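Below is one structure, written out as structure tokens; comments come after it.
Nothing in this text is a laboratory measurement; each read-out follows from the coordinates by a stated rule. Fair warning: this is a prediction, and the values are worked out from it, not measured in the lab. Here the Cβ positions follow ideal geometry from the backbone for every residue, glycine too, while neighbour counts run over all protein chains shown.
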Amino acid sequence: MIARLAALPGMTPAVPFMATAILLLPLVGLGLFTVSARVAAGEFRSYPVLAVNHLITLGWGTLLAMGSIHQMFPAMIGVPLRPGRAALVQFSLSLTGAIVLVIGFLLRHVVWIAVGGALAWIGIGVFFWLTVRLIPRRRRWLPETTGVTLALVYLLLAGTWGLLMSLNWTRQFWPGLLTNVGVGVHAALGVGGWFVQLVVSVSYYLLPRFVGLHRAGQTARGDMDENASGDGERAPRLAPILVLLNAGVILLVVAAFVGSSLPAQTGAMLLAAAGVLYAGDLARILRARQRTKPDLTIHHWWAIWGQTILLLLLAAVWAVGGFAGEGRRVAAAAVVLLLAGWLTLAIMGQLYKVTPFLMWYYRFALGIPAAEVPRLAAPYYPSAGIPPFYLSVAGSTLLAAGVLFNIPVVARSGSLLFLIAVLAFWYVMAVSWIRAAARQA
């Protein structure tokens, strides 16, 4: 069976990353439900919370992002290359590291935490090398590629910082890592520099194709952008967004080191400004959609637009002095909304469009050229996908609100909705498509 699955068109070593992340998703939902009241009560650094946090970031978000980048990055730079067997080695290292790290947190065993951190760091290092080694062979370079590359750098930095923190628990060679310095730097690098920058950059690459803006130089307003090239649509404000985003992340890192609120507030304001520009471009691209058929991916991106507005408002209000004395709680609420809502919605929405299972069917069974696959109006719009969408939006928003306003019952209610959402999504994507692939094999 495994040999026949491996022989299917479109099956590459990148697929196990995405399939495993989907299969782990129910554990993510269950974990969030278990610790939601703790997070709302302010137990941000308890072992169970740290375990669930790393299950989400490493087992769900990063693992799936790695598989997607293995598939997509060569196409972005014009290198016709499929991921090789080295990607499977890196997959094993990354998955094993994440599992050992999470178990270490659950068992409160610092040696296991250090071992898991080391394995995860090695996996990140191998992934970084496998990706950036392709850059000298590039045939083109888009602004989106710059954002993805910067995100990879932040992933390596976040992994390195996390390794230092895990090793410090065994020997305590740097007491500052046990304070806000350790957590603040790690969160800024991992959430802001890696996840946010990656999703923003990839959205500028994929969304114009999804909505049909594929003529060279055509902008979201329907006119011609004199600065665009034949590589396709590129929204004009990605470069300033990346500048604001990276400046904001760097200031948050500086704030964690110096223990001052001024650079943190300035960084939050810069991130809010980046959010304003991004939300504007996102709305213009989505409104330019040239089809009337329903598309579940587009629904997800409108929800992401809404949560972007919430996040930038939260950052701006805190930056001007709102939520006085609640900086840690505001940051925790923002991270919860980013991971359980914004990031998870982006992943779910993209999976409906670009899973390898869909590529097998549309490209090889129907004979549609590869470049046309992302432009299909609604390649997958199951009625079963509607409840997970609304439940995940409502659940992640309620969960973040419960954390922000210190209302555990609201956080727990939101996490329950989120759990139901991910279980339904898991069935729609994992069970349905894996069964279909098995029948083809």
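For segment 251-282 versus segment 104-169, the inter-centroid distance based on Cα atoms is 23 Å.
Highest mean packing comes first when the peptides 119-132, 253-266 are listed by Cβ atoms within 10 Å, giving 119-132, 253-266.
Backbone amide hydrogens, once placed in the peptide plane, bring Val79 within less than 5 Å of Arg139, excluding anything fewer than 5 places away on its chain.
Would you mind classifying segment 261-336 by shape? Square roots of the alpha carbon gyration tensor eigenvalues, ordered a ≥ b ≥ c; an a/c under 1.5 is rounded, otherwise it is prolate if a/b is larger than b/c and oblate if not. It comes out prolate by the Cα gyration axes.
For segment 85-148, the pair-distance distribution built from all alpha carbon pairs, in bins 5 Å wide starting at 0, is 4, 18, 19, 15, 13, 12, 9, 6, 3, 1 percent.
With the contact rule set at Cα under 8 Å and sequence spacing of 6 or more, what percent relative contact order holds for segment 63-127?
Result for segment 63-127 is 31 percent.
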